[in-house]
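These notes are about the structure you will find just below.
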Amino acid sequence: MQILCSTGAFTRSSDPLSHEAILRYGPELDADGLEIIFYPRWYQAQEYIARALRSSQLSFPVLHTEKSIGEYFGSSDVDEREQGVVRFEQNCIFAQQLGTQIVVFHLWAMPASDIQLEHNLQPLARCLDIAGQYGLALAIETIPCVYADPLSNVKRAVEHDSRAYVALDTEFLAWHDQLEVAFTSPWLWQRGLVRHVHLKDYDHQLASSEVRHYLHLGEGQVDFQRFVQQLRACGFDGALSLESRAIDSEGEVEVARIQTSLQFMRDLTYL
């Protein structure tokens, strides 16, 4: 299994020069590559950012698509859903420019979440067509839900279009009490649907005082040793990506904290 670090661990969407943080910190990290997250600010400077990152010699095997796309897809307005498709293709162009193989996708998003998942599913086939045109596999992430649960929703998506893959997220599965359910769901593993995994810990809350709450591996209650052993038993051989943010209250990147979690992940793959 490859060990990746999400660029969201050390960048923020509010930073206008977030790609420069990738160029600065990426080479320092003991990872096999980076999962790059596409931020809304990047649409206006997409070509420039792609050139800068491509010249860095960093590896970007996975791209996390910009999160507003799922919000657009949840709209009852056809034009807004179309805007989501346009943005999705821009993300795929960017991914191809970086030599990416997998795009991770939030099929639904707040505020609508999965309340009317049929809206979100309508553009899915077009997105899969687009991803295929750019040589990309599309993996739908098991993110939080309001109406149903992550695994039920991604199952609906795969049944809607069998070309879709799945990206598991330990924190969100734990929040919905589905960490074990994932390994007793044969449909996930019989066709190798799980193509990517996000690792971050969990302690029964996603936010504290309305501020997003991130735990690094070993700081919460997820049994990562058991989780990775179960992945291996199910035949998973994709990448594990660290998603826990490490930026302190002063805005400084906690590189040592990231490195500790990456080493934790690498040790898991040796067990």
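The values are calculated or read from the model by the stated rules, or taken from the named source; none is laboratory data. Given the structure is predicted, the values throughout are model-derived calculations rather than measurements. Here the Cβ is made from the backbone with ideal geometry for all residues, glycine too, and neighbour counts use every protein chain on show. Surface accessibility is based on the protein's heavy atoms, side chains included, excluding ligands, DNA and RNA. Shrake-Rupley method; radii C 1.70, N 1.55, O 1.52, S 1.80 Å.
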Check your understanding: In cubic angstrom, how much convex hull volume per residue do the alpha carbon atoms of the range 1-53 span?
Key -> 77 Å³
Check your understanding: Hey, any idea what % of the range 141-256's accessible area is carbon plus sulfur with a 1.4 Å probe?
Key -> 45 percent
Revision key, fill the gap. Scoring the chain by relative contact order with C-alpha pairs under 8 Å, at least six apart, yields a percentage of 19 percent
Check your understanding: Given a Förster distance of 30 angstrom, what is the FRET efficiency for residue 223 paired with residue 248, based on the Cβ-Cβ distance and rounded to 0.05?
Key -> 0.65
Check your understanding: Quick one: Kirkwood hydrodynamic radius for the chain, alpha-carbon pairs, angstrom, one decimal?
Key -> 18.7 Å
Practice item. Over the Cα atoms of the range 52-206, compute the convex hull volume and normalise it per residue, giving Å³. Key: 116 Å³
Point to revise | Under Karplus coefficients 6.51, -1.76 and 1.60, residue-wise ³J(HN,Hα) of the range 40-48 in Hz, glycine/proline x | key: x, 5, 6, 4, 7, 9, 4, 5, 4
Practice item. For residue 98, list long-range residues whose amide hydrogen, built 1.01 Å from N in the peptide plane, is under 5 Å from its own amide hydrogen. Key: none
Revision key, fill the gap. accessible surface per residue for the range 153-235, probe 1.4 Å, DNA/RNA/ligands not counted, whole Å² -> 48 Å²
**Study point:** Solvent-accessible area of residue 104 with every protein chain in place, 1.4 Å probe, in Å² to the nearest 10
**Key:** 0 Å²
**Study point:** Label zone at residue 270 (point 7 Å along Cα-to-Cβ), backbone N below 14 Å, the range 1-25
**Key:** none
**Study point:** Mean projection area, nm², convex hull over Cα of the range 156-271
**Key:** 8.2 nm²
Check your understanding: Considering only DSSP beta bridges with both partners in the chain, what is the antiparallel share in %, to the nearest 5?
Key -> 10 percent
Review point. Ranked from highest to lowest mean number of other Cβ atoms within 10 Å per residue, what is the order of the peptides 171-180, 70-79?
Key: 171-180, 70-79
Practice item. Let me see the pair-distance distribution of the range 27-70: every alpha carbon pair, 5 Å bin width, integer percents in order. Key: 5, 19, 26, 27, 15, 7, 1
Practice item. Taking the dipole about the Cα centre of the chain, with the C-beta of Lys and Arg at +1 and of Asp and Glu at -1, give me whichever of 38, 186, 251 is farthest to the positive side. Key: 186
**Study point:** Residue-normalised accessible area of the range 1-144, given per residue in Å² at a 1.4 Å probe
**Key:** 39 Å²
Revision key, fill the gap. The range 201-271 and the range 103-148 have their Cα centres apart by a whole-number Å value of 24 Å
